[in-house]
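Undergrad: Got a structure for you, written out below as structure tokens; questions coming shortly.
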2 protein chains.
Amino acid sequence: MTAADLALDHVRAAAARIAAHAHVTPVLRSRSLDALAGAELVFKCENLQRAGAFKFRGACNAVWSLDEAAARRGVVTHSSGNHGAALALAARTRGIPAHVVVPQGAVKAKLAAIEAAGATLHACAPTMAAREAMAAEVQAATGATLVHPYTDPRVIAGQGTAALELLHQAGPLDALIAPIGGGGLVGGSAIAAHGLDPAIRVYAAEPEGAADAYESLRRGERWTAFTPDTICDGLRGTLGEPNFALLRRHAVEVLPVGDAEVIAAMRLLWERLKLVVEPSSATVLAALLRHREHFAGRRVGLVLSGGNVDLDALPWR
Amino acid sequence: MTAADLALDHVRAAAARIAAHAHVTPVLRSRSLDALAGAELVFKCENLQRAGAFKFRGACNAVWSLDEAAARRGVVTHSSGNHGAALALAARTRGIPAHVVVPQGAVKAKLAAIEAAGATLHACAPTMAAREAMAAEVQAATGATLVHPYTDPRVIAGQGTAALELLHQAGPLDALIAPIGGGGLVGGSAIAAHGLDPAIRVYAAEPEGAADAYESLRRGERWTAFTPDTICDGLRGTLGEPNFALLRRHAVEVLPVGDAEVIAAMRLLWERLKLVVEPSSATVLAALLRHREHFAGRRVGLVLSGGNVDLDALPWR
């Protein structure tokens, strides 16, 4: 199966596959944020997911999709952090080895989580080429299955379970906003949301310092010639090819946000929702507040993607 | 009705009375905290309650228990913060005036919340005598009903709804730990818990720098001759007379904790549960980790009381 074949049924199958392992995360509301936004906001708290991010959904679906022989050889991935920790933990739920290639400069708390879950770390330079080369090397040496952080269809289907769950918990939505890095979460969310209700508008919140999804859609072709420069460490990856196709098929609109807006939104989420969220998560609220003309009076789902933040280096200090 | 007459039915009635206004807060689990504690921990997230603390439950029950004539004259209280904000918001849900007496030195974020809810602030010296005198003055001038932060039976019954809800959500518990300041939450929790299951052990987590509940039980009489010195700004109040009686009737055991333990536990809750909790909330985890012989292998409910913390002054910085 390829990502192009993915449909709601694959997301539903993923939800069934991960049900014994993943949390059903709560949905929170805030009257004060509703008033600030002039819209009805419904927050899906994936920072409260296992390993602290939605990534566990996709990783868990990938791990539990493997046949016995492949599973025994383990899994490998490259990740700036959350996907690595998620895959390490998912592998542990099945008792199989995990190898995680991590670029230098990844958030300390995320590396610690990967190690705590029992995975083997492989350090590399912080470029996509170095990450992919190192992952291929580990794959060749171990026979482990590569679980790409966002192009793997099993991962995309798994990420879509957050939106599926949100729509079941919160009822009808006019719009859905999720952060975009490689495009696994947004792709899966669009499949789930449009499978249930084709009228839902799907938006991707993207840092201006890593605006490859925005540029790719504007140019009409995938554009990857950038060096990420954003506080959103979870969104520095490059938009994937199948993910780009999903954005186009689902008419996803990308909403750019600046780091200062992200920091302000992050602080609002900590203050008003009492949630520890990482900068990547805050892009969704930042996007809603900057582009509020899209959302006035609407019922909007926002996916808070993760909460793995270094408490010693908060950005407003 | 006095606090001595309170029973499970009063807590149930309070739950029905506040249902249209208060959140049903989520219950969270953490495998890593379970492993650390050697027990099965179930966290009741009252930091996610309206106005950011369990206090909204008691205030809301008090406000909606008033007859029409009394309600029109409004409510008044004295509070270091969370009860004041809660009463202000509860009054707004009924469209009646609220007056809040606040001691100097209260947390800025809490004062802002009280004002944002539309209450009138009255500043006073940070002593219990000054607080009570100022409240009596406002009461005389306006005819407002005094809603004491923890001795009022309507407040105690309302606070008990958190434990009632927790037991419905989480199933049977061996033990329940709640923070103690004046004793409204612990008193209400004991009534609810023992009304459902007399075998549940009820514990109160108390800062060593405001250990009046511990000392009162030890001496066998209410002891109030102390000046609070603790980071737990929500727990500096003095144990109430009816609250002391409830502690004795329900064989509540007080577990003292130091501020350093509270700060470490607070950080653990932020990191592992991804929740913004204030120091007072963290006393429950600190108490469990310090007094772990009581809890090994048990299923323990912990009430995270609130999340109103100054994000510019985190205690581990």
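Undergrad: Report the relative contact order of region A:56-146, percent, no decimals, based on alpha-carbon pairs under 8 angstrom and at least 6 residues apart.
TA: Relative contact order here is 32 percent.
Undergrad: For A:Arg94, go 7 angstrom from Cα along the Cα-to-Cβ vector, then report the distances to that same point in the other copies in nm, smallest first.
TA: 5.7
Undergrad: Please report the spacing between the Cα centers of region A:104-178 and region B:175-217 in Å, no decimals.
TA: 43
Undergrad: If you line up the long axis of helix A:279-290 against the longest principal axis of chain A, both from Cα atoms, how many degrees apart are they, to the nearest 10?
TA: Compared with the principal axis, the helix lies near 20 degrees.
Undergrad: Another question about this same structure. With angles folded into 0 to 90 degrees, how steeply does helix B:55-65 sit against the dominant principal axis of chain B? Use alpha carbons for both and round to 10.
TA: 40
Undergrad: How do the peptides A:178-187, A:247-256, A:41-50 rank, highest first, by the average count of neighbouring beta carbon atoms within 10 Å per residue?
TA: Highest mean packing first, the order is A:178-187, A:41-50, A:247-256.
Undergrad: So, one more: Under the definition of partner shielding as Cβ atoms of other protein chains within 10 Å of a residue Cβ, what is the mean value for peptide A:274-286? Let's see the in-between values first.
TA: On the way: counts 17, 7, 9, 2, 1, 0, 0, 1, 0, 0, 0, 0, 0.
So the per-residue partner count for this stretch is 3.
Undergrad: If you put +1 on each Lys and Arg Cβ and -1 on each Asp and Glu Cβ, how big is the dipole of region A:178-231 around its Cα centre, in Debye rounded to 20?
TA: Here the size comes out at about 160 debye.
Undergrad: Within 10 Å of each residue's Cβ, count the other Cβ atoms and sort A:Leu164, B:Leu302 from fewest upward. Could you put the intermediate results ahead of the total?
TA: Numbers: A:Leu164 23, B:Leu302 30.
Taking fewest neighbouring Cβ atoms as first place, the list is A:Leu164, B:Leu302.
Undergrad: So, one more: Roughly how far apart, in whole Å, are the Cα centres of region A:6-61 and region A:226-284?
TA: 16
Undergrad: Quick one: order B:Glu271, A:Glu68, B:Glu40 by neighbouring beta-carbon count within 10 Å, fewest to most.
TA: Values: B:Glu271 22, A:Glu68 7, B:Glu40 16.
Lowest count first: A:Glu68, B:Glu40, B:Glu271.
Undergrad: Decide, for the protein assembly as shown, between rounded, prolate and oblate: order the square roots of the alpha carbon gyration tensor eigenvalues as a ≥ b ≥ c, take rounded if a/c falls under 1.5, and otherwise choose prolate if a/b is larger than b/c, else oblate.
TA: Because a/c hits 1.5 or more and a/b exceeds b/c, the protein assembly as shown counts as prolate.
Undergrad: Please figure out what share of the DSSP beta bridges in chain B is antiparallel and state it in percent, rounded to the nearest 5.
TA: Expressed as a percentage, antiparallel bridges in chain B total about 10.
Undergrad: Which residues' amide hydrogens lie under 5 Å from the amide hydrogen of B:Val75, considering only partners 5 or more residues apart or on another chain, with H built in the peptide plane?
TA: It is B:Ala98, B:His99, B:Thr145, by chain and number.
Undergrad: Report the relative contact order of chain A, percent, no decimals, based on alpha-carbon pairs under 8 angstrom and at least 6 residues apart.
TA: Numbers: 710 pairs, mean separation 71.4, N = 317.
Reported as a whole number, the value is 23 percent.
Undergrad: Also, I was wondering about something else. Too long at a 19 Å Cα-Cα cut-off: which of A:Lys274/B:Lys110; A:Lys44/A:Lys108; A:Lys55/A:Lys274; A:Lys44/B:Lys110?
TA: On the way: A:Lys274/B:Lys110 14 Å; A:Lys44/A:Lys108 25 Å; A:Lys55/A:Lys274 22 Å; A:Lys44/B:Lys110 26 Å.
Beyond 19 Å: A:Lys44/A:Lys108; A:Lys55/A:Lys274; A:Lys44/B:Lys110.
Undergrad: Report, in debye and to the nearest 20, how large the dipole of region B:1-87 comes out about its Cα centre when Lys and Arg carry +1 and Asp and Glu carry -1 on their Cβ.
TA: Using only the charged Cβ atoms, the result is roughly 240 debye.
Undergrad: Taking each residue in A:27-33, count the Cβ atoms of any other chain within 10 Å of its Cβ, then average. What number comes out?
TA: Partner-chain Cβ atoms within 10 Å, mean over residues of A:27-33: 2.
Undergrad: May I ask you to report, in nm to one decimal and beginning with the shortest, the distances from B:Arg290 to the same position in the other copies, taking label points 7 Å along Cα-to-Cβ?
TA: So the distances to the same position in the other copies read 4.6 nm.
Undergrad: Where does helix A:184-196 land angle-wise versus the long Cα axis of chain A, in degrees 0 to 90, nearest 10?
TA: 60
Undergrad: Under a Cβ-only charge scheme (Lys and Arg +1, Asp and Glu -1), can you give me the dipole magnitude of the protein assembly as shown about the Cα centre, in debye to the nearest 20?
TA: On the way: 62 positive and 60 negative charges, 148 e Å.
Here the protein assembly as shown has a charge dipole of around 700 debye.
Undergrad: How much FRET efficiency would the formula 1/(1 + (r/R0)^6) give for A:Arg31 and A:Ala4, where r is the Cβ-Cβ distance and R0 is 41 Å, rounded to 0.05?
TA: Once rounded, the FRET efficiency stands at 0.50.
Undergrad: Please give the contour-minus-distance gain from A:Arg290 to A:Met128: 0.36 nm per residue of separation, less the Cα-Cα distance, rounded to one decimal in nm.
TA: 55.3 nm
Undergrad: Where both partners of a DSSP beta bridge lie in the protein assembly as shown, what percent of those bridges are antiparallel, to the nearest 5?
TA: Once the DSSP bridges in the protein assembly as shown are tallied, antiparallel ones form about 10 percent.
Undergrad: What number, rounded to the nearest 500 deg cm²/dmol, is the helix-based mean residue ellipticity at 222 nm of chain A, given -39500 (n - 2.57) per DSSP H run of at least four residues and division by all its residues?
TA: Numbers: 13 runs with 147 residues, N = 317.
One gets -14000 deg cm²/dmol as the mean residue ellipticity at 222 nm.
Undergrad: Place the label 7 angstrom along Cα→C-beta at B:Ala112 and in each other copy, then list the distances from the first to the rest in nm, shortest first.
TA: 2.8
Undergrad: List, in order, the whole-Hz ³J(HN,Hα) value for each residue of region A:88-104 obtained from phi through the Karplus relation with A = 6.51, B = -1.76, C = 1.60 and θ = phi - 60°; use x for Gly and Pro.
TA: So the J values, rounded to whole Hz, are 4, 5, 4, 4, 5, 5, 9, x, 10, x, 10, 10, 10, 8, 10, x, 4.
Undergrad: Next question. Test of understanding: ordering B:Ile156, A:Ile114 by Cβ neighbours within 10 Å, fewest first, what list do you get?
TA: A:Ile114, B:Ile156
Undergrad: Next question, about the same structure. Positive end of the dipole of chain B, charges at C-beta (+1 Lys, Arg; -1 Asp, Glu), about the Cα centre: which of B:Leu6, B:Asn47, B:Pro149 has its Cα farthest in that direction?
TA: Projecting each Cα onto the dipole axis, the largest value belongs to B:Asn47.
Undergrad: When a/c reaches 1.5 or more, the comparison of a/b and b/c decides; with that in mind, is region B:56-146 rounded, prolate or oblate per its Cα gyration tensor? Please report the intermediate quantities before stating the final value.
TA: Working: a/c = 2.02, a/b = 1.30, b/c = 1.55.
In terms of gyration-tensor shape, oblate.
Undergrad: Which single residue of chain B puts its beta carbon nearest to the axis of rotation relating B to A, and what distance, in whole Å, does that give?
TA: That would be B:Pro26, 2.
Undergrad: In whole Hz, with x marking every Gly and Pro, tabulate ³J(HN,Hα) for region B:12-17 from phi via Karplus 6.51 cos²θ - 1.76 cosθ + 1.60, θ = phi - 60°.
TA: 4, 5, 4, 4, 5, 5
Undergrad: If you don't mind, there's one more thing I want to ask. Relative contact order of region B:187-317, please, whole-number percent, based on alpha carbon pairs below 8 angstrom and at least 6 residues apart.
TA: Computed over region B:187-317, the figure is 24 percent.
Undergrad: Could you compute the net charge surrounding A:Val101? Neighbours are other residues with a C-beta less than 14 Å from the C-beta of A:Val101; K and R count +1, D and E count -1.
TA: Once all neighbours under 14 Å are counted, the net charge is -1.
Only the coordinates and a few stated rules stand behind these numbers; no lab work does. Note that the coordinates shown come from a computational prediction; the quantities given were computed from them, not determined experimentally. Glycine also receives a Cβ, built like all others from the backbone with ideal geometry; neighbour counts cover every protein chain displayed.
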